[in-house]
Amino acid sequence: MKSHSTTILTVRRNGIAAIGGDGQATVGTTIMKHDVQKIRRLANGNVICGFAGTTADAFALMERFEARLKDYPGNVPRAATELAKEWRTDRAMRQLEALMAVVDARHTLLVTGNGDVIQPTDSVLGIGSGGNFAVAAARALLRNTDLEAVEIVRKALEIAAEIDIYTNTNIHVEEMPSET
């Protein structure tokens with residue numbers, strides 16, 4: 001699925017997991033809002049989720065994901081897998097158009113409606129229309145600077161915003177201690 005209207009990025013470095021996103025919401029080619037909050041803490045703050053895609057669909061998915069987190073406390077991969085299975089097989093949920101990036105202390109996961117639950121090898125994950133630009137920038141910053149995870153996410157999102165018209169510089173970043 002090709003998502004417009006956002007860029008979400010995750011990075012881990014020096015014991016910190018960071019996830020950030022821009023704040024732009026568009027309808028077609030019109031910018032409707034500059035300060036959408038696309039990053040949410042779930043499970044009493046132990047999981048951070050970012051979304052790309054249709055806002056109402058993403059909120060519906062996050063509510064279902066939070067329910068799965070309650071069903072499988074402390075097991076984010078299992079909760080994500082159960083959500084992805086439900087998303088893929090449920091007739092109504094199959095119509096939802098969104099992607100989710102999820103981080104906890106140990107995991108960075110991409111969750112899709114195709115049934116995918118993928119953990120990137122390097123813990124760098126980007127979704128949305130500017131996701132690939134942000135990933136490229138983050139990897140370059142990881143290799144060539146000593147910046148912390150939060151700074152890398154912020155700078156990489158700023159670079160993505162210079163390239164992707166669906167991404168702005170109203171950036172929100174959350175962080176949590178990482179076990180990796």
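Of 35, 22, which residue is of a type in the set (Asp, Glu), more than 28 Å from residue 92 (Cβ to Cβ) and surrounded by fewer than 14 Cβ atoms within 10 Å (Cβ to Cβ)?
Every option except 35 fails the conditions.
Given segment 1-72, what strands (runs of 3 or more DSSP E) lie entirely inside it while holding 2 or more residues that are in contact (Cβ under 8 Å) with a residue 12 or more places away in the chain?
The strands (runs of 3 or more DSSP E) meeting that bar are 7-13, 16-21, 25-27, 39-42, 47-53.
Name the residues in segment 38-57 that are crowded, with 16+ Cβ neighbours inside 10 Å and at positive phi, would you?
Selection gives 43, 53.
Working only within segment 43-75, note down all residues that are within 25 Å of residue 179 (Cβ to Cβ) and under 13 Å from the mean Cα position of the chain (by Cα).
Hits for segment 43-75 are 47, 48, 49, 50, 51, 62.
Select from segment 111-137 the residues that are within 19 Å of residue 177 (Cα to Cα) and not in a loop (DSSP other than H, G, I, E, B) and list them in ascending order.
Hit for segment 111-137 is 125, nothing else.
For segment 73-99, which positions are outside any loop (DSSP other than H, G, I, E, B), under 23 Å from residue 7 (Cα atoms), free of Cβ contacts under 8 Å to residues at least 60 places away in the same chain and of a type in the set (A, V, I, L, M, F, W, C)?
76, 80, 83, 84, 87, 93
Restricting attention to segment 106-116, which residues are modelled with pLDDT under 95 and in contact with a Ser or Thr (Cβ under 9 Å, 6 or more places away or on another chain)?
To start, the set of residues in segment 106-116 that are modelled with pLDDT under 95 comprises 111-116.
Scanning segment 106-116 gives 111, 115.
Of all residues in segment 142-177, count the ones that are assigned to a loop (DSSP other than H, G, I, E, B) and out of contact with any helix residue (DSSP H, G or I) (no Cβ under 8 Å at 6 or more places or on another chain).
5
From 105, 134, which residue is within 20 Å of residue 174 (Cβ to Cβ), in contact with a Pro (Cβ under 9 Å, 6 or more places away or on another chain) and of a type in the set (A, V, I, L, M, F, W, C)? First the steps, then the outcome.
Details: 134 fails: in contact with a Pro (Cβ under 9 Å, 6 or more places away or on another chain).
Testing whether each residue is within 20 Å of residue 174 (Cβ to Cβ), in contact with a Pro (Cβ under 9 Å, 6 or more places away or on another chain) and of a type in the set (A, V, I, L, M, F, W, C) leaves just 105.
Could you list all residues from segment 87-114 that are polar (S, T, N, Q), surrounded by fewer than 22 Cβ atoms within 10 Å (Cβ to Cβ) and over 10 Å from residue 57 (Cβ atoms)?
Within segment 87-114, the first condition is being polar (S, T, N, Q), and the residues that meet it are 89, 95, 108, 112, 114.
Okay, now just the ones that are also surrounded by fewer than 22 Cβ atoms within 10 Å (Cβ to Cβ), so 89, 95, 112, 114.
Residues satisfying the conditions are 89, 112, 114.
Given the structure, is residue 80 farther than 23 Å from residue 14 by Cα and small (Gly, Ala, Ser)?
Criteria met by residue 80.
The values are calculated or read from the model by the stated rules, or taken from the named source; none is laboratory data. For clarity, every value in this text was computed on a predicted model and none was experimentally measured. Methodologically, a virtual Cβ is constructed for each residue, glycine included, from the backbone with ideal geometry; neighbour enumeration extends over all protein chains shown.
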